[in-house]
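One structure below.
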Amino acid sequence: MGESSLKAINPVLDIEKIRSDFPVLNRKIHDSPLVYLDTAASAQRPLKVIETVVDFYRNYNANIHRGVHTLSQEATAAYEQSREKIARFINAPSSQEVVFTRGTTESINLVAHSFLRPKLQPGDEILISWMEHHSNIVPWQLLCEETGAVLKVIPMNQHGELEMAALEEMLTERVKLLGIVHVSNALGTINPVEDICTLAGRLGVPVLVDGAQAMPHQSVDVQTLGCDFYCFSGHKMYGPTGIGALWGRSRHLHSMKPYQGGGEMIRHVTFEKSEFNEAPAKFEAGTPNIAGAIGMGAAVDYLRDIGMENVAAYEAGLLAYGTERLAKIDGFRMVGTATKKAGVMSFVLADIHANDVGTLVDLHGVAIRTGHHCAMPVVQFYGLPATARASLGIYNTFSDIDILADALEKVTGMFA
Ligand code: PLP
């Protein structure tokens, strides 16, 4: 398909309207308009999210769940409504299965400590994949050190796709949890989570899905996926930082011990013994990030209004165009060429260090990520010290990709 026909696949979003929702896009960086291609690290926020957070602080700021006064009741209602919005967004059977956390990292740590740790015996196995973010590696390593369990890694091929045959072989009764990233932040690979859950389900192996990069790009239905836990972060999906969620099956949440002790998570306390609340309150000790949770609900509203199918279709068009356009640059090599990919383009440019590439394109107003993307085993797999990564969001345009490509051509010119 030619470039112009790829550009024509743009029927779904009113992109100018969407761009006008993001005030930061009016910024100039080194006298050039900002081209933000680092959404995988953190998305920009639309006015709706910013104003929702400001409205909370201006008009009904109060602690939640424990006040009888009006502000506290309003704040509590907004916080709980946000939980309901998130539950509907991922098609959770109940909002009581949605636990607010600080983000994906905390969600995974919560499952590691409260769900898995009490079950582990020496020799038990935890299965993860080669393309995990550090947040879906390190908590399991720590658990293995403590308990004598063993961490096993499902290999991937050169395209950055999981070796499904190996996964099937490695999935035995010894496995006590399988942790898998839905969309790889370093490669863009979309993993076949539904199939993986079916395979694991046959042996009764619980599956935790790291959904940090899937939530902003596609619709997520935890019931269709068939997983046991789904973890995500507000800031990757156009919401505030410092807030995220864990969805877990109610039977798991019910049987799990609290993650932290403190206020809010208890029903009754004496010096002899405490009785805990039910989930999700059981896992939300202390005053939570109320503004963040309410802002995350606003981000969900924003994405729902656009429609996740539209987001996915629009970004697929951008990705196809970007893949073709960037391939024309001398010395450009895409890292991560899976058949099923979301809007992440990791690459190397000849033998120019990724940090130099990132610094030089910034001079043209282009924000990309460079380094190991908190997925060191991925760059090690390709024998690279680092990659540069352009990641897409709903506000990106074909012109953004052209500007990136022009900037990269200038960089290669400098090193020629
Ligand atoms: N998992 C993936 C795939 C990610 O991309 C990230 C962040 O980059 C995380 C987990 C960690 O998210 P957070 O830092 O919001 O906890």
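Test of understanding: among T198, T172, which residue is open to solvent by 40 Å² or more (accessible area, probe 1.4 Å) and of a type in the set (S, T, N, Q)? Step through it out loud before you land on a result.
Numbers: T172 fails: open to solvent by 40 Å² or more (accessible area, probe 1.4 Å).
Going through T198, T172 in turn, the sole match is T198.
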Q. Quick one: in the range 309-331, which of the residues that are open to solvent by less than 30 Å² (accessible area, probe 1.4 Å) and either closer than 23 Å to E132 by Cα or among the aromatic types (F, W, Y) (or both) is farthest from the chain's Cα centre (by Cα)?
A. Y321
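Wholly within the range 101-213, which helices (runs of 4 or more DSSP H) include no fewer than the required count, namely at least 1 residues that are more than 16 Å from the ligand (Cβ to nearest atom) and in contact (Cβ under 8 Å) with a residue 24 or more places away in the chain?
On the way: elements: 104-110, 138-147, 164-170, 193-202.
In the range 101-213, the matching helices (runs of 4 or more DSSP H) lie at 138-147, 164-170, 193-202.
What do you reckon, is I368 among the aliphatic types (A, V, I, L, M), under 19 Å from the mean Cα position of the chain (by Cα), within 24 Å of V181 (Cα to Cα) and more than 16 Å from the ligand (Cβ to nearest atom)?
no
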Q | Out of G248, G188, G239, G201, sole residue that is closer than 17 Å to A375 by Cβ and small (G, A, S) | A | G188
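Just checking, which of T198, T189 is at pLDDT 95 or above and touching a strand residue (DSSP E or B) at 6+ places or on another chain (Cβ under 8 Å)?
On the way: T198 fails: touching a strand residue (DSSP E or B) at 6+ places or on another chain (Cβ under 8 Å).
Only one candidate passes the filter, namely T189.
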Q: Find all pairs meeting these conditions: Cβ atoms under 8 angstrom apart; at least six residues apart or on different chains; first residue within the range 305-333 and in the same structural domain as T387 (by TED's automatic domain parsing); second residue assigned to a helix (DSSP H, G or I) and of a type in the set (D, E).
A: Y321/E3; E324/E3; R325/E3; R325/D402; I329/E409; D330/E409
Q: Determine whether R251 is farther than 20 Å from H65 by Cβ and either open to solvent by 40 Å² or more (accessible area, probe 1.4 Å) or touching an Asp or Glu at 6+ places or on another chain (Cβ under 6 Å) (or both).
A: yes
(Q) Six or more apart or on different chains, Cβ atoms under 6 Å: show the pairs whose first residue is in the range 70-96 and within 14 Å of A299 (Cβ to Cβ) and whose second is small (G, A, S). (A) S82/A293; S82/G297; R83/S95; K85/G297; I86/A245
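Name the single residue that is nearest to L37 (Cα to Cα) among those in the range 216-255 being more than 16 Å from the ligand (Cβ to nearest atom) and among the β-branched types (V, I, T). I'd like the intermediate steps shown before the answer.
First, pick out the residues of the range 216-255 that are more than 16 Å from the ligand (Cβ to nearest atom): 219, 221-224, 226, 228, 248-255.
Filter again for among the β-branched types (V, I, T), leaving 222, 224.
Numbers: V222: 28, T224: 31 Å.
Step by step, filter the range 216-255, then rank; the result is V222.
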Q) Among (1) out of contact with any Leu (no Cβ under 8 Å at 6 or more places or on another chain); (2) within 24 Å of K236 (Cα to Cα), where does F381 come up short? A) (2)
Q) Can you name the condition, by its number, that F100 falls short on among (1) aromatic (F, W, Y); (2) under 16 Å from M215 (Cβ atoms); (3) touching a Phe, Trp or Tyr at 6+ places or on another chain (Cβ under 7 Å)? A) (3)
Q. Of all residues in the range 365-382, which are modelled with pLDDT of 95 or more and open to solvent by 60 Å² or more (accessible area, probe 1.4 Å)?
A. R369
Q: Could you tell me which numbered condition Y302 fails, if it satisfies all but one of (1) modelled with pLDDT under 95; (2) under 18 Å from the mean Cα position of the chain (by Cα)?
A: (1)
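Does E264 count as at pLDDT below 95 and assigned to a strand (DSSP E or B)? Walk me through it before giving the result.
Details: at pLDDT below 95: yes; assigned to a strand (DSSP E or B): no.
No, not satisfied.
So which residues in the range 371-397 are closer than 22 Å to A416 by Cα, under 22 Å from the mean Cα position of the chain (by Cα) and either touching a residue at least 40 places away in the same chain (Cβ under 8 Å) or within 14 Å of the ligand (Cβ to nearest atom) (or both)?
T387, A388, R389 - these are the residues of the range 371-397 that are closer than 22 Å to A416 by Cα, under 22 Å from the mean Cα position of the chain (by Cα) and either touching a residue at least 40 places away in the same chain (Cβ under 8 Å) or within 14 Å of the ligand (Cβ to nearest atom) (or both).
How many residues are outside any loop (DSSP other than H, G, I, E, B) and of a type outside the set (A, V, I, L, M) if we restrict to the range 267-309? Before you say what the answer is, go through the steps one by one.
Kept after step one, since they are outside any loop (DSSP other than H, G, I, E, B), are these residues of the range 267-309: 267-269, 274-276, 281-283, 290-306, 308-309.
From what is left, the residues that are of a type outside the set (A, V, I, L, M) are 267-268, 274-276, 282-283, 292, 295, 297, 301-302, 304-305, 309.
Of the residues in the range 267-309, 15 are outside any loop (DSSP other than H, G, I, E, B) and of a type outside the set (A, V, I, L, M).
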(Q) Could you go through the range 337-355 and let me know if any residue there is farther than 25 Å from S42 by Cα and either touching a Lys or Arg at 6+ places or on another chain (Cβ under 6 Å) or surrounded by fewer than 17 Cβ atoms within 10 Å (Cβ to Cβ) (or both). (A) yes
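Being more than 16 Å from the ligand (Cβ to nearest atom) and within 21 Å of I29 (Cβ to Cβ) is the requirement here; does L349 meet it? Walk me through how you get there before you give the answer.
Numbers: more than 16 Å from the ligand (Cβ to nearest atom): yes; within 21 Å of I29 (Cβ to Cβ): yes.
So L349 fits the description; yes.
Given N191, N157, which one is among the polar types (S, T, N, Q) and crowded, with 23+ Cβ neighbours inside 10 Å? Break it down stepwise before answering.
Numbers: N157 fails: crowded, with 23+ Cβ neighbours inside 10 Å.
Result of the check over N191, N157: N191.
The values are calculated or read from the model by the stated rules, or taken from the named source; none is laboratory data. Since the structure is predicted, the reported quantities are computational estimates derived from the model, not experimental observations. So basically every Cβ, Gly included, is an ideal-geometry build from the backbone, and we count neighbours across all protein chains shown. Side chains are part of the model used for accessible areas, which takes the heavy atoms of the whole protein and leaves out ligands, DNA and RNA. Shrake-Rupley method; radii C 1.70, N 1.55, O 1.52, S 1.80 Å.
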